[in-house]
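Q: Please see the structure below; I have some questions.
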Amino acid sequence: MKRILSLAFLLCSAGQAQDHPLTLDTHVDIPLSYMQDPKFDAGQDGVLKVDLPKMRRGGLDAAFFVIYVEQGPLTRAGYAKAVAQAKRKYDAIDLMVQRYPEQISLARTPGDVRANKTAGRLSAMIGIENAYSLGHDLKRLDVAYARGARYVGLVHVGNNDLCGSSLPRKELGDAPDSNLGLSEFGRAVVRRANALGMMVDVSHASDACVRDVLALSRAPIIASHSSSRAMTDHPRNLPDDLLAAIAAKGGVVQAVAYKEFLKKDPERAAAEKALQARVAKAAGDKDYDSEKHDYLPSYVEGMKAIQRDHPLATLDDFLDHIEHMVKVAGIDHVGIASDFDGGGEITGWMDASQTRNVTAGLKRRGFSDDDIAKLWSGNLLRVWAADEAASTQQNPMPVGQRREAWNDTHLYGYG
């Protein structure tokens, strides 16, 4: 009976799969206890902004689920913690596709994504946010590729052992506006990613680092979740010259629906920070923890009040960025990302269930169906395929060895 129901589900989904372009979100975060804590089970319509029911309702076909770790000290203990956290997230994504095989499967190639769309099955891809999780060991990039990672984001908030961040962190000893480029280890990671056919992601990187990557990479690069600095002056957004430079080398920049990158509102940011401190203190904790505190009633109600007083950026704000980026970089070099479950949300696209609103908004702005298909997935899939074609070595580590290799202590290379 279960097999019959699963077949019926797939047949029904296949019919629905063609009612919208292939939609691909390049940046969806997952909590550290993803698929372990029941409230973070992606198969349930729950607190996550991206789960399988919401993807179905909104018409979101594919998403890069992100292996994110917070930047910490460049020490043996810091690297070990980052590596362990990354492993938990790889394992969680594996568990999701194993638990719900009729609904979603891991896509390792652009062809897999298209085949899943045709079959009415969702696609999960893997991206790395902050290559600090490599533990300063180049071999671990091969392991990540074997586990399914298809882009590597070099850095996050705070400079690391690969390159400078667009947002240095004073508490880590970073100089403000340090604007560091690639380190030797960072250069090695870019070269190895090129060899593997893994896309290099410059979102979060300093301008100097972006320029270094453009000069070094043999393959097109991406910015998995960055909007326009000309539209909103934020260090995390890309200036027009870098948008044009990434396009000139065949790459793609994924406009991101993250409130602070679309609308400057320091009063809202201050209100959110104050709320986080109050909620953490009331819970008996020294520091705010989004995974623990965001779902407490006091936080939920507090955010409702903040939203009334300081409204979010809107879908139209997001579309303004897309239009500007297309004017600068060209229709073949812009894409779409949400940053859902990592802070991304705007009025009109609050979670994956509202994905069709983005498509409708693009149509209202005069984008053709072909152009919308490029923005949603065509451009990213083209770059992904180009990086594969430029690679010199595929599948360097047999999949069967991937879990063992991730844990092997000899893979630590602390320099």
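Q: Taking the range 270-302 as the search range and keeping residues that are among the hydrophobic types (A, V, I, L, M, F, W, C) and closer than 23 Å to Ser33 by Cα, which one is most open to solvent (accessible area, probe 1.4 Å)?
A: Restricting to residues being among the hydrophobic types (A, V, I, L, M, F, W, C) and closer than 23 Å to Ser33 by Cα, the top hit is Ala282.
Q: Please state which one of Met55, Met35 is part of a helix (DSSP H, G or I), open to solvent by less than 10 Å² (accessible area, probe 1.4 Å) and either in contact (Cβ under 8 Å) with a residue 60 or more places away in the chain or on the phi > 0 side of the Ramachandran plot (or both).
A: Sole residue among the options that is part of a helix (DSSP H, G or I), open to solvent by less than 10 Å² (accessible area, probe 1.4 Å) and either in contact (Cβ under 8 Å) with a residue 60 or more places away in the chain or on the phi > 0 side of the Ramachandran plot (or both): Met55.
Q: Moving on. Looking at (1) closer than 30 Å to Val83 by Cβ; (2) at pLDDT 95 or above; (3) of a type outside the set (Asp, Glu), which is the one condition that is false for Ala405?
A: Ala405 satisfies all of (1) closer than 30 Å to Val83 by Cβ; (2) at pLDDT 95 or above; (3) of a type outside the set (Asp, Glu) except (2).
Q: Please list, ordered by first then second residue, the pairs with beta carbon atoms under 8 Å, 6 or more apart or interchain, first in the range 199-226 and closer than 20 Å to Phe318 by Cβ and open to solvent by 10 Å² or more (accessible area, probe 1.4 Å), second among the aliphatic types (A, V, I, L, M) and at pLDDT 95 or above.
A: His204/Leu154; His204/Val155; His204/Val157; His204/Leu167
Q: For Ala86, are the conditions met, namely being touching a residue at least 24 places away in the same chain (Cβ under 8 Å) and surrounded by 20 or more Cβ atoms within 10 Å (Cβ to Cβ)?
A: yes
Q: Residues in the range 229-251: is at least one crowded, with 18+ Cβ neighbours inside 10 Å and within 30 Å of Ser105 (Cα to Cα)?
A: Yes, the range 229-251 contains at least one residue that is crowded, with 18+ Cβ neighbours inside 10 Å and within 30 Å of Ser105 (Cα to Cα).
Q: Working carefully through the options Asp94, Asp112, Asp137, find the one that is open to solvent by 20 Å² or more (accessible area, probe 1.4 Å), within 25 Å of Val189 (Cβ to Cβ) and either in contact (Cβ under 8 Å) with a residue 60 or more places away in the chain or outside any strand (DSSP E or B) (or both).
A: Asp112
Q: Quick one: would you say Pro266 is within 30 Å of Pro38 (Cα to Cα), surrounded by fewer than 14 Cβ atoms within 10 Å (Cβ to Cβ) and out of contact with any helix residue (DSSP H, G or I) (no Cβ under 6 Å at 6 or more places or on another chain)?
A: Against the criterion (within 30 Å of Pro38 (Cα to Cα), surrounded by fewer than 14 Cβ atoms within 10 Å (Cβ to Cβ) and out of contact with any helix residue (DSSP H, G or I) (no Cβ under 6 Å at 6 or more places or on another chain)), Pro266 does not qualify.
Q: Among the listed residues Tyr145, Tyr100, Tyr79, which satisfies the condition of being open to solvent by less than 40 Å² (accessible area, probe 1.4 Å) and either closer than 20 Å to Ala195 by Cα or under 15 Å from the mean Cα position of the chain (by Cα) (or both)?
A: When all the criteria are applied, what remains is Tyr145.
Q: Still on this structure, please answer the following. Quick one: Thr355 ticks every box in (1) farther than 24 Å from Ala124 by Cα; (2) hydroxyl-bearing (Ser, Thr, Tyr); (3) touching a strand residue (DSSP E or B) at 6+ places or on another chain (Cβ under 8 Å) bar one, so which box is it?
A: Failed condition: (1).
Q: Looking only at the range 24-64, which residues are under 18 Å from the mean Cα position of the chain (by Cα) and of a type in the set (S, T, N, Q)?
A: Thr26, Ser33
Q: Given the options Ala352, Ala373, name the one that is at pLDDT 95 or above, more than 19 Å from the chain's Cα centre (by Cα), closer than 26 Å to Thr232 by Cα and among the hydrophobic types (A, V, I, L, M, F, W, C).
A: Criteria check complete, one pass: Ala373.
Q: Take the range 61-76 and flag every residue that is under 15 Å from Ile128 (Cα atoms) and either surrounded by fewer than 19 Cβ atoms within 10 Å (Cβ to Cβ) or at pLDDT below 95 (or both).
A: Correct list: Glu70 only.
Q: Pull up the range 172-188, narrow it to residues that are part of a helix (DSSP H, G or I) and either in contact (Cβ under 8 Å) with a residue 12 or more places away in the chain or at positive phi (or both), then point me to the one that is surrounded by the most Cβ atoms within 10 Å (Cβ to Cβ).
A: Result: Gly186.
Q: When you look at Leu48, is it modelled with pLDDT of 95 or more and assigned to a loop (DSSP other than H, G, I, E, B), yes or no?
A: Against the criterion (modelled with pLDDT of 95 or more and assigned to a loop (DSSP other than H, G, I, E, B)), Leu48 qualifies.
Q: Which members of the range 78-94 meet the condition of being in contact with a Phe, Trp or Tyr (Cβ under 7 Å, 6 or more places away or on another chain) and farther than 20 Å from Ser123 by Cα?
A: Tyr79, Ala82, Lys87
Q: Touching a residue at least 12 places away in the same chain (Cβ under 8 Å), open to solvent by 40 Å² or more (accessible area, probe 1.4 Å) and in contact with an Asp or Glu (Cβ under 8 Å, 6 or more places away or on another chain) - does that describe any residue in the range 340-358?
A: Yes - at least one qualifying residue is present in the range 340-358.
The values are calculated or read from the model by the stated rules, or taken from the named source; none is laboratory data. What you see is a predicted model; the values in this text were computed from it and never measured. Backbone-built Cβ (ideal geometry, glycine too); neighbour counts: all protein chains shown. To get the accessible areas, we keep the full protein, side chains included, count just its heavy atoms, and leave off ligands, DNA and RNA. Shrake-Rupley method; radii C 1.70, N 1.55, O 1.52, S 1.80 Å.
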